[in-house]
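Chemist: Have a look at this one.
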Amino acid sequence: MLPHFFESVLQLIVKTSTDLPPDVREAVKAARAREDHGSRSAQALAIIAQNIDQAAAGEGAICQDTGMPTFEIKTPVGANQIWMKEQVKAAVAEATRRGKLRPNSVDSLTGENSGTNLGPGTPILHFEQWEHDAIEVKLILKGGGCENMNVQYSLPAELPHLGRADRTLEGVRKCVLHAVWQAQGKGCGPGAIGVCIGGDRTSSYVEAKQQLFRTLDDVNPDERLAGLEAEIMRTVNTLGVGTMGFGGKVSLIGCKVGALNRLPASFFVSVAYDCWAFRRLGVSLDARTGAIASWLYRDPSVPTIPMMDQAGFQRTGREIALRAPLDEATVRSLRVGDVVMVSGPSFTGRDAVHHHLMSHEPPVNLTGAVLYHCGPVVRKNDDGTWTVTAAGPTTSIREEPYQADLIGRYGIRAVIGKGGMGGRTLAGLKQHGAVYLNAIGGAAQFYARCIERVEGVSLLEFGTPEAMWHLQLKDFPAIVTMDAHGNSLHKDIETASGEQLAKLA
Ligand code: SF4
């Protein structure tokens, strides 16, 4: 068959997971330049920039959530797509084995992780024939945090702060603004969105994701849609959502809109939200050998200029050192906006752990503990020890039904995550004396370097991302965004940006 096909696809996966394309790098640089020096968004973007460099230099995953691998493959007429499909799957499994992809394929009925990123529906493969000799393979890796921020509207609809959205381009504009606003920090903004007007419920979402394969500087060939994209980009950044929902001048780095015909009775607007860790690349392959003839989105002959120097976290001198386990007085002294540097033991826990702890005693003493919402990428060493290779925060709001109960029951004093939590958790923090610390979503390489060592693991039967990892932290930076006095930066930014959204109606 094609002797180099497997290796070419493997290279594509590794590069996509570890090195952001130039247009996204440029957009992150531009966002950094726009934010005020020393602001929360500027500090967050500095961490993001360092993380991008660290991932590329060490060929590590940019974000620990390497997402749902989605391949778009174009083949010459007569190519054996069945064989290619098996080769792509083998390459995905190999990239997972090498730690470039996190095992992300979970049986929806049993909760069991296949460990290989293979299973019904994963990876996603779309084949199309075309009248060219080459094989084109494009890949997008889109994680769960931003995937959960996708939204589909059925017009006409009443939208919070914006009023009625009709079946017009003006109605579509309102939907898109609403989609960006509702994501707040949960989708690891500043984000980029793909939009589809029309189609049916299924094809509409597929086309919205397809739009994410366009480069950020691409101009829509349809003048009407180009105008809509430009209009959205002209106003959306006045919302003030900012990086990670911290407030700031850049909430969106790109908006790409496509349109499909629809049924007379339907008018869907689908929005695919992608995070700053906008990982998409592609290759053109020699159809006789499968070797890479050229890359899409990047030119390997152009050297990558680092995003910034690697001077470490940029301190202002106002950072507060926290050493776990924490006592109540220390925690109650913290206020929203404080930047903390956390050291000492911490335990990871996400969906499976939270659910488990509601009916089982914890495997470790959580009194005064720092709980980290994180599903790391870990490597088992030859001597049986573990090394974390990627460890950014996961979206915390999923744990809202459990968090307050677990804080009260076990004495947890700090929760590290991203995107913030809701009213129930906020009340729990106040009642029991605990804080929520927002880390920078996706900064998996940066935070992996803040983990001195892995001291153990519990509940490994839940799979690597869902297990409870016992980590020793050293100067792990995060921002207090919910304190023990009932204050929530997330609530404040959502309210302020909602008022701004109303002005764009
Ligand atoms: S950067 Fe955030 S939203 Fe994007 S994949 Fe990583 S954790 Fe998910």
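Chemist: Which residue is nearest to the chain's Cα centre (by Cα), if the candidates are limited to the stretch 382-400 and must be more than 14 Å from the ligand (Cβ to nearest atom) and among the β-branched types (Val, Ile, Thr)?
Modeler: That would be Thr389.
Chemist: Name the residues in the stretch 1-19 that are within 16 Å of Ile82 (Cα to Cα), at pLDDT 95 or above and outside any helix (DSSP H, G or I), would you?
Modeler: Correct list: Leu2, Pro3.
Chemist: Scan the stretch 64-79 residue by residue and report those that are within 16 Å of the ligand (Cβ to nearest atom) and either more than 26 Å from Ile135 (Cβ to Cβ) or of a type in the set (D, E, K, R) (or both).
Modeler: Gln64, Asp65
Chemist: Has the stretch 106-121 got at least one residue that is more than 27 Å from Ala439 (Cα to Cα) and touching a helix residue (DSSP H, G or I) at 6+ places or on another chain (Cβ under 6 Å)?
Modeler: Checked against the condition, which is being more than 27 Å from Ala439 (Cα to Cα) and touching a helix residue (DSSP H, G or I) at 6+ places or on another chain (Cβ under 6 Å), the stretch 106-121 yields at least one hit.
Chemist: Hey, among the residues in the stretch 175-214 that are farther than 30 Å from Met482 by Cβ and charged (D, E, K, R), which one's surrounded by the fewest Cβ atoms within 10 Å (Cβ to Cβ)?
Modeler: Per the stated criteria, the residue is Arg201.
Chemist: So in the stretch 270-309, with the set limited to residues that are within 22 Å of Gly442 (Cα to Cα), part of a loop (DSSP other than H, G, I, E, B) and not hydrophobic (A, V, I, L, M, F, W, C), which one is farthest from the ligand (Cβ to nearest atom)?
Modeler: Among those residues, the one meeting the criterion is Asp309.
Chemist: Counting just the residues of the stretch 62-106 that are exposed (fewer than 15 other Cβ atoms within 10 Å of the Cβ) and modelled with pLDDT under 95, which one comes out farthest from Gln50 (Cα to Cα)?
Modeler: Gly78
Chemist: Follow-up. Give all pairs with beta carbons closer than 8 Å in which a residue from the stretch 85-98 that is charged (D, E, K, R) meets a residue that is modelled with pLDDT of 95 or more and assigned to a loop (DSSP other than H, G, I, E, B); count only pairs at least 6 apart in sequence or on separate chains.
Modeler: Close Cβ pairs (under 8 Å, with a partner that is modelled with pLDDT of 95 or more and assigned to a loop (DSSP other than H, G, I, E, B)) amount to Lys89/Leu118; Lys89/Pro123; Arg97/Thr116.
Chemist: Given (1) surrounded by fewer than 23 Cβ atoms within 10 Å (Cβ to Cβ); (2) modelled with pLDDT under 95; (3) within 16 Å of the ligand (Cβ to nearest atom), identify the lone condition not met by Glu112.
Modeler: Among (1) surrounded by fewer than 23 Cβ atoms within 10 Å (Cβ to Cβ); (2) modelled with pLDDT under 95; (3) within 16 Å of the ligand (Cβ to nearest atom), Glu112 violates only (3).
Chemist: Looking at the stretch 446-488, which of its residues are acidic (Asp, Glu), touching a residue at least 40 places away in the same chain (Cβ under 8 Å) and surrounded by fewer than 20 Cβ atoms within 10 Å (Cβ to Cβ)?
Modeler: Glu455, Asp475, listed by residue number.
Chemist: Does Lys418 qualify as being without any contact (Cβ under 8 Å) to a residue 12 or more places away in the chain, among the basic types (Lys, Arg) and closer than 28 Å to Arg279 by Cβ?
Modeler: no
Chemist: May I pose another question? In the list Ile416, Ile493, which residue meets the criterion of being closer than 18 Å to Val336 by Cα, touching a Gly at 6+ places or on another chain (Cβ under 6 Å), at pLDDT 95 or above and among the β-branched types (Val, Ile, Thr)? Lay out the reasoning, then the answer.
Modeler: Values: Ile416 fails: touching a Gly at 6+ places or on another chain (Cβ under 6 Å).
Being closer than 18 Å to Val336 by Cα, touching a Gly at 6+ places or on another chain (Cβ under 6 Å), at pLDDT 95 or above and among the β-branched types (Val, Ile, Thr) holds for just one of Ile416, Ile493, which is Ile493.
Chemist: Report every pair of residues separated by at least 6 positions or lying on different chains whose Cβ atoms are under 8 Å apart, first residue within the stretch 136-165 and under 17 Å from Ile197 (Cβ atoms) and touching a residue at least 24 places away in the same chain (Cβ under 8 Å), second within 11 Å of the ligand (Cβ to nearest atom) and assigned to a strand (DSSP E or B).
Modeler: Asn150/Tyr273; Val151/Tyr273
Chemist: Could you tell me which numbered condition Ala44 fails, if it satisfies all but one of (1) part of a helix (DSSP H, G or I); (2) within 15 Å of the ligand (Cβ to nearest atom); (3) modelled with pLDDT of 95 or more?
Modeler: In the conditions (1) part of a helix (DSSP H, G or I); (2) within 15 Å of the ligand (Cβ to nearest atom); (3) modelled with pLDDT of 95 or more, Ala44 misses (3) alone.
Chemist: So which of Ala287, Ala277, Ala265 is in contact (Cβ under 8 Å) with a residue 60 or more places away in the chain and either in contact with a helix residue (DSSP H, G or I) (Cβ under 6 Å, 6 or more places away or on another chain) or surrounded by fewer than 20 Cβ atoms within 10 Å (Cβ to Cβ) (or both)?
Modeler: Going through Ala287, Ala277, Ala265 in turn, the sole match is Ala287.
Chemist: Inside the stretch 356-372, can you point out the residues that are surrounded by fewer than 17 Cβ atoms within 10 Å (Cβ to Cβ) and either under 25 Å from Asp492 (Cα atoms) or under 28 Å from the mean Cα position of the chain (by Cα) (or both)?
Modeler: Looking only at the stretch 356-372, we keep the residues that are surrounded by fewer than 17 Cβ atoms within 10 Å (Cβ to Cβ), and these are 358-361, 363-365, 367.
Within the stretch 356-372, Met358 is the sole residue that qualifies.
Chemist: Give just the number: which of (1) at pLDDT 95 or above; (2) touching a Leu at 6+ places or on another chain (Cβ under 8 Å); (3) within 16 Å of the ligand (Cβ to nearest atom) does Ile451 not satisfy?
Modeler: Only one criterion in (1) at pLDDT 95 or above; (2) touching a Leu at 6+ places or on another chain (Cβ under 8 Å); (3) within 16 Å of the ligand (Cβ to nearest atom) is unmet by Ile451, namely (3).
Chemist: Right, something else. Does any residue of the stretch 364-375 turn out to be more than 17 Å from Gly456 (Cα to Cα), β-branched (Val, Ile, Thr) and at pLDDT 95 or above?
Modeler: Yes: the stretch 364-375 contains one or more residues that are more than 17 Å from Gly456 (Cα to Cα), β-branched (Val, Ile, Thr) and at pLDDT 95 or above.
Chemist: Then there is this: Among the listed residues Ala57, Ala61, identify the single one that is away from the ligand (no atom under 16 Å from the Cβ), closer than 30 Å to Asn113 by Cα and of a type outside the set (Phe, Trp, Tyr).
Modeler: Exactly one residue qualifies, and that residue is Ala57.
Chemist: Among the candidates Lys186, Lys209, which residue alone is within 21 Å of the chain's Cα centre (by Cα) and either modelled with pLDDT under 95 or in a loop (DSSP other than H, G, I, E, B) (or both)?
Modeler: When all the criteria are applied, what remains is Lys186.
Chemist: Show me the strands (runs of 3 or more DSSP E) found entirely inside the stretch 401-482 where at least 2 residues are under 20 Å from the mean Cα position of the chain (by Cα). Before the answer, list the steps.
Modeler: Numbers: elements: 414-417, 435-438, 451-458, 468-482.
By residue number, 414-417, 435-438, 468-482.
Chemist: If Val88 passes every condition in (1) in contact with a Phe, Trp or Tyr (Cβ under 7 Å, 6 or more places away or on another chain); (2) part of a strand (DSSP E or B) but one, which one does it miss?
Modeler: The one condition Val88 does not meet is (2).
The values are calculated or read from the model by the stated rules, or taken from the named source; none is laboratory data. Predicted model, so just to flag it, every value in this text is computed and none were measured. Every residue, glycine as well, gets a Cβ built from its backbone with ideal geometry; the counts of neighbours run over all protein chains shown.
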